[in-house]
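Take a look at the structure set out below.
The values are calculated or read from the model by the stated rules, or taken from the named source; none is laboratory data. These figures come from a predicted structure and were not determined experimentally. Using ideal geometry, Cβ is built from the backbone for each residue, glycine included, and neighbour counts are taken over all protein chains shown. SASA here: full protein model, heavy atoms, side chains in, ligands and nucleic acids out. Shrake-Rupley method; radii C 1.70, N 1.55, O 1.52, S 1.80 Å.
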Amino acid sequence: MADRVVLVTGAAGGKGGQTGRHVSEMLLARGVPVRAFVHRLDERSDHVRALGAELFEGDFLDIRSVQRAVQGISSIYFAYPVQDGLLDATAAMAVAAREAGISRLVNLVMLQSSPDAPTPRMRQNYLSEQVFDWAGIGAVHVRATVFYENLRSLVRLSLPAEGAIRLPWGKDSTVVPLVSGEDVARVAVGLLTSPSVPAGASYRLIGAVLALRDIIATFGRVLGRDVRYEEISDDEWRRDVIARGFNEHAVEHLSQLWRTFRTFGLRPQATRFEVTDTIEALGGAKPKTFEAFVREEQSLLQGHADQTRS
Ligand SMILES: NC(=O)c1ccc[n+]([C@@H]2O[C@H](COP(=O)([O-])OP(=O)(O)OC[C@H]3O[C@@H](n4cnc5c(N)ncnc54)[C@H](OP(=O)(O)O)[C@@H]3O)[C@@H](O)[C@H]2O)c1
């Protein structure tokens, strides 16, 4: 597959894990041609173009735009941001990919993807997997846990300013499974470039399982300062992140997710989270540790870097 063009959605990166940007960079570094599906032309799209990608300015929600984007390509990386419209975008991509005879689509979803998953977005993820499977386009599903980048954006104001982490995460013994967006991209690239992958397969990705107290200790150690946790209510957290511009869809998803993590240890039947071997097996390297991620982001988390970043 290595000589065929890959359509990478979210290729300029956004407010989440920027997995599309990482996937584009990694494919181009391997000499795989990339058509970068970008929402708008700006300095982020300039970056992927400078690396050698062909730019396609398009809209997930416009079927005509998606149909044009898939012409002449062989495989697709599909990552729809955490906002309204996932099922419309899925249907448009499934139709366009089927018409174009696509043989592989790597679909990024969340860790739990089932009819009974705890958040509305996760249940939509399940439906999107079904639609891609029916389309007969060689879809495979990457089911990733919460990104380190997500946690970074949650603390990036209060941590540099006050050494505080304000979240509705319950006790500091609450356990959270995490992964880096870069590792997710590495796995996606492994699946996009592998000679054969069973259609319909799904891969769980957990790169680290940390108690909140470990997360606090890591921030404190790397940033060289005292870091305190302030437990806030769900309502306080909602008000805070909506004021910061988080969309309602993401807030609803994350509120439910925090509730799940908070109460997880209380359920006697709960299966423990464990680091998965899929990252090393498909991505070719051990998962990035949370400590390594915080070191990379030290400048931002100390308040020295570009404060417009998410
Ligand atoms: N965040 C987490 O913790 C987490 C955990 C597990 C799985 N995931 C999954 O990760 C996926 C998101 O991937 P990501 O975090 O890599 O994305 P991301 O960094 O948020 O980037 C999203 C990209 O999509 C573009 N975009 C937005 N609306 C568009 C539209 N209508 N048409 C075309 N492009 C559009 C954005 O462009 P603009 O910025 O220009 O609008 C941006 O480049 C989701 O499916 C989510 O379920 C996330």
Requested in this report: Report relative contact order for the chain in percent, whole number only (criteria: Cα-Cα under 8 Å, sequence separation at least 6).
Outcome: 18 percent
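Assign unit charges at the C-beta atoms only (+1 for Lys and Arg, -1 for Asp and Glu), then state the dipole size of the stretch 155-236 relative to its Cα centre in Debye, rounded to the nearest 20.
Taking the Cα centre of the stretch 155-236 as origin, the dipole is about 360 debye.
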Report task. Would you mind counting up the charge near Asp214? Only other residues with Cβ under 14 Å from its Cβ, with Lys and Arg at +1 and Asp and Glu at -1. Result -> +1
Report task. Show the residues, 5+ positions off or on another chain, whose built amide H is closer than 5 Å to the amide H of Ser202. Result -> His141
Report summary line: The correct ranking of Asp234, Asp88, Asp183, Asp133 by accessible area at 1.4 Å, largest first, is Asp88, Asp133, Asp234, Asp183
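Could you compute the net charge surrounding Arg64? Neighbours are other residues with a C-beta less than 14 Å from the C-beta of Arg64; K and R count +1, D and E count -1.
-4
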Query raised in the report: Given the options Pro81, Pro177, Pro195, which has the most mean-square fluctuation in a GNM of the chain, springs set between C-alpha atoms less than 10 angstrom apart?
Result: Pro195
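Within 10 Å of each candidate Cβ there may be at most 10 other Cβ atoms; applying that plus a DSSP loop requirement, which chymotrypsin sites (Phe, Trp or Tyr not before Pro) in the stretch 1-110 survive? Don't jump to the answer; show the numbers that get you there.
Values: sites: Phe37, Phe56, Phe60, Tyr77, Phe78; in loops: Phe60.
Those that pass, being in a loop and sparsely packed, number zero.
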**Report entry** GNM result for the chain, Cα springs below 10 Å: residue of Glu57, Glu43, Glu252 fluctuating most strongly
**Finding:** Glu43
Requested in this report: Counting only C-alpha contacts under 8 Å and six or more residues apart, can you give the relative contact order of the stretch 69-224 as a whole percent?
Outcome: 24 percent
Query raised in the report: What percent antiparallel are the DSSP beta bridges of the chain, to the nearest 5?
Result: 10 percent
Report task. Choose one of Val187, Ala161, Ala201: the residue whose Cα lies farthest towards the positive end of the charge dipole of the stretch 158-310 (beta-carbon charges +1 Lys, Arg; -1 Asp, Glu; about the Cα centre). Result -> Ala201
Query raised in the report: Which trypsin sites (Lys or Arg not before Pro) from the stretch 1-33 combine a DSSP loop assignment with at most 12 other Cβ atoms within 10 Å?
Result: Arg30
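How would you rank 285-292, 102-109, highest first, on the average number of other Cβ atoms within 10 Å across their residues? Don't jump to the answer; show the numbers that get you there.
Details: 285-292: 16.5, 102-109: 23.6.
Output ranking for 285-292, 102-109: 102-109, 285-292.
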Report summary line: Under 5 Å from the placed amide H of Met110, counting only residues 5+ away or on other chains, we find Ala144
Report task. Could you run the Karplus curve 6.51 cos²θ - 1.76 cosθ + 1.60 with θ = phi - 60° over the stretch 243-254 and give me ³J(HN,Hα) per residue in whole Hz, x for Gly and Pro? Result -> 4, 7, x, 5, 7, 4, 4, 5, 5, 4, 4, 5
**Report entry** Shape category assigned to the stretch 61-109 from the gyration tensor of Cα positions, a/c cut at 1.5
**Finding:** oblate
Query - Summed residue charge, Cβ within 13 Å of Val38's Cβ, Lys/Arg positive, Asp/Glu negative - result: -1
Requested in this report: Would you please name the trypsin sites (Lys or Arg not before Pro) within the stretch 113-216 that are DSSP coil residues with at most 16 other C-beta atoms within 10 Å of their C-beta?
Outcome: Lys171
